[in-house]
Amino acid sequence: MTFDAFNISQALKTQLKHLNHLQSTEIQKRAIPIILSGKDILAAAQTGTGKTAAFGLPILDKISKAKREHNRRVIQAIVLAPTRELAEQINQNLRDYGKNLDLITLAIYGGVKIPPQILQLKRGVDILIATPGRLIDLYKQRVVDLSNCHYLVLDEADRMLDMGFIHDMRRILSYLPRKRQTMLFSATFSEEIRSLAKEFVYKAVEVSATPQNSTATLIKQTVYPVNQKQKAALLAKLIHQDKMQQVLVFTRTKHGANRLVGQLENEHIISAAIHGNKSQSARLKALSDFKEGKIRVLVATDIAARGLDIQQLPVVFNFELPQSPEDYVHRIGRTGRAGAAGRAISLVCFEEYGKLLAIEKLIKKVLPRKSIEGF
């Protein structure tokens, strides 16, 4: 289905063609008409399914067509995101889509200086993308006026719950007009998400773009049973052996990520880590260097990796299995995107065997085991 089928402005359609976005994804096909109709929506969509355009295009269209009631710009839409990386990615996407529209978007998040954000807010903003904590800080300082906000998006709502943002989300809800359109996007429809939906959305239409907790059929998944102390050496061997050039590696902790970067550098593999202890500028530089091929391996914790927008990522490693099996689905969903083939390799020690069984139960698939001599 092409974007010409949607009732959105010609300026948006022209820009989408310029960006080479010709065919809509499943979540876009299902969500865009519902959001354009003004109804609340509860949508299940994983990373990489095109969900930013699914809510972004209708919001851009509605705001650009609405007659400006004020002589100055006022915030008409809020997008809440769990991490600064995701907030920045959404902001960039909306700017790209709305290039031909007279709209200003801004991302605000912690970890960077607050005065430039305040300055831009005072100049006027139409769409605000925010992490919950920074939005509350700026609201308390009375530099954010949400009285004209007609649209609220909760992106990756499941991750915001995992990160303990529920009280912040409720507080932000109290700042907004009662009459608004709310869009809740989550990778899964867990009981917690359904409970949250009862508070946040009104008579929402429910859509799902992917079978719950499915893993893309184009992703080749492999498990290497290995002693914990040998994992770094095995990772380096596999990278060298297959001449891998762009590798995303997941670790469970920040310290583990830093340690692994040092071990890979000792094996002459240029690497960088991104996690919560890194400054925003350091994280953005690491991501930029990775995309440009200046570094071969990006080592990330789950939370830092949310919102990473990396096209054509060929391989993902689980250096350690995640705490929850659902996070395995999120992690490996970063490869095999947009119809491309991908690989997901998990290095599993004896202590993680229970987690592996839980993953296989969730995805209803026994993952093939491989071994390398000496490991």
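The values are calculated or read from the model by the stated rules, or taken from the named source; none is laboratory data. These numbers come from a predicted model, not from an experiment. Here Cβ is always computed from backbone atoms with ideal geometry, including for glycine, and neighbour counts include all displayed protein chains. SASA here: full protein model, heavy atoms, side chains in, ligands and nucleic acids out. Shrake-Rupley method; radii C 1.70, N 1.55, O 1.52, S 1.80 Å.
Within region 359-375, take every residue that is of a type in the set (Val, Ile, Thr) and assigned to a loop (DSSP other than H, G, I, E, B) and give me the one that is nearest to residue 329 (Cα to Cα).
366
Quick one: which residue in 367, 347 is out of contact with any Phe, Trp or Tyr (no Cβ under 9 Å at 6 or more places or on another chain), at pLDDT 85 or above, within 14 Å of residue 221 (Cα to Cα) and open to solvent by less than 60 Å² (accessible area, probe 1.4 Å)?
When all the criteria are applied, what remains is 367.
Out of all the residues in region 175-192, which are charged (D, E, K, R) and either at pLDDT 95 or above or more than 24 Å from residue 145 (Cα to Cα) (or both)?
Those that are charged (D, E, K, R) and either at pLDDT 95 or above or more than 24 Å from residue 145 (Cα to Cα) (or both): 191, 192.
Filter region 1-33 for residues that are farther than 25 Å from residue 182 by Cα, buried (at least 19 other Cβ atoms within 10 Å of the Cβ) and touching a Leu at 6+ places or on another chain (Cβ under 9 Å) and give the result.
Across region 1-33, the qualifying residue is only 15.
What tally of residues in region 328-344 results from selecting those that are under 19 Å from the mean Cα position of the chain (by Cα) and at pLDDT 80 or above?
Total meeting the criteria: 6.
Would it be correct to say that residue 51 is touching a strand residue (DSSP E or B) at 6+ places or on another chain (Cβ under 9 Å), surrounded by fewer than 23 Cβ atoms within 10 Å (Cβ to Cβ) and either modelled with pLDDT of 85 or more or among the hydrophobic types (A, V, I, L, M, F, W, C) (or both)?
no
Quick check on my filter: what residues within region 3-31 are free of Cβ contacts under 8 Å to residues at least 24 places away in the same chain and part of a loop (DSSP other than H, G, I, E, B)?
Passing the criteria: 20, 22.
Has region 34-43 got any residue that is open to solvent by 10 Å² or more (accessible area, probe 1.4 Å), within 14 Å of the chain's Cα centre (by Cα) and acidic (Asp, Glu)?
Looking for residues that are open to solvent by 10 Å² or more (accessible area, probe 1.4 Å), within 14 Å of the chain's Cα centre (by Cα) and acidic (Asp, Glu), one finds none in region 34-43, hence no.
Can you tell me which residue in region 193-217 is modelled with the lowest pLDDT, limited to those that are surrounded by 14 or more Cβ atoms within 10 Å (Cβ to Cβ) and more than 19 Å from the chain's Cα centre (by Cα)?
Looking at the filtered set, the residue picked out is 196.
Could you figure out which of (1) charged (D, E, K, R); (2) in contact with a strand residue (DSSP E or B) (Cβ under 8 Å, 6 or more places away or on another chain); (3) under 21 Å from residue 147 (Cα atoms) isn't true of residue 95?
Failing condition for residue 95: (3).
Out of 12, 19, 42, report the one residue that is closer than 20 Å to residue 154 by Cβ and either modelled with pLDDT under 95 or aromatic (Phe, Trp, Tyr) (or both).
42
Please go through region 248-289 and give me each residue that is open to solvent by less than 30 Å² (accessible area, probe 1.4 Å), under 23 Å from residue 84 (Cβ atoms) and not in a helix (DSSP H, G or I), ordered by number.
Passing the criteria: 248, 249, 250, 251, 271, 272, 273, 274, 275.
Tell me which of these residue 174 doesn't satisfy, since it passes every other one: (1) open to solvent by less than 30 Å² (accessible area, probe 1.4 Å); (2) over 30 Å from residue 264 (Cα atoms).
Answer for residue 174: the failing condition is (1).
Residues in region 70-78: is at least one surrounded by fewer than 23 Cβ atoms within 10 Å (Cβ to Cβ), over 20 Å from residue 106 (Cβ atoms) and touching a residue at least 12 places away in the same chain (Cβ under 8 Å)?
no
A quick yes/no check of all residues on (1) open to solvent by 10 Å² or more (accessible area, probe 1.4 Å); (2) part of a strand (DSSP E or B):
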| position | (1), (2) |
| --- | --- |
| 86 | no, no |
| 91 | no, no |
| 99 | yes, no |
| 102 | yes, no |
| 121 | yes, no |
| 128 | no, yes |
| 139 | yes, no |
| 143 | yes, no |
| 147 | yes, no |
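Just give me the residues in region 149-171 being buried (at least 22 other Cβ atoms within 10 Å of the Cβ) and part of a loop (DSSP other than H, G, I, E, B), in sequence order.
Within region 149-171, 155, 156 qualify.
Being more than 23 Å from residue 186 (Cα to Cα) and either among the charged types (D, E, K, R) or modelled with pLDDT of 85 or more (or both) is true for just one of 108, 104, 90, 78. Which residue is that?
104
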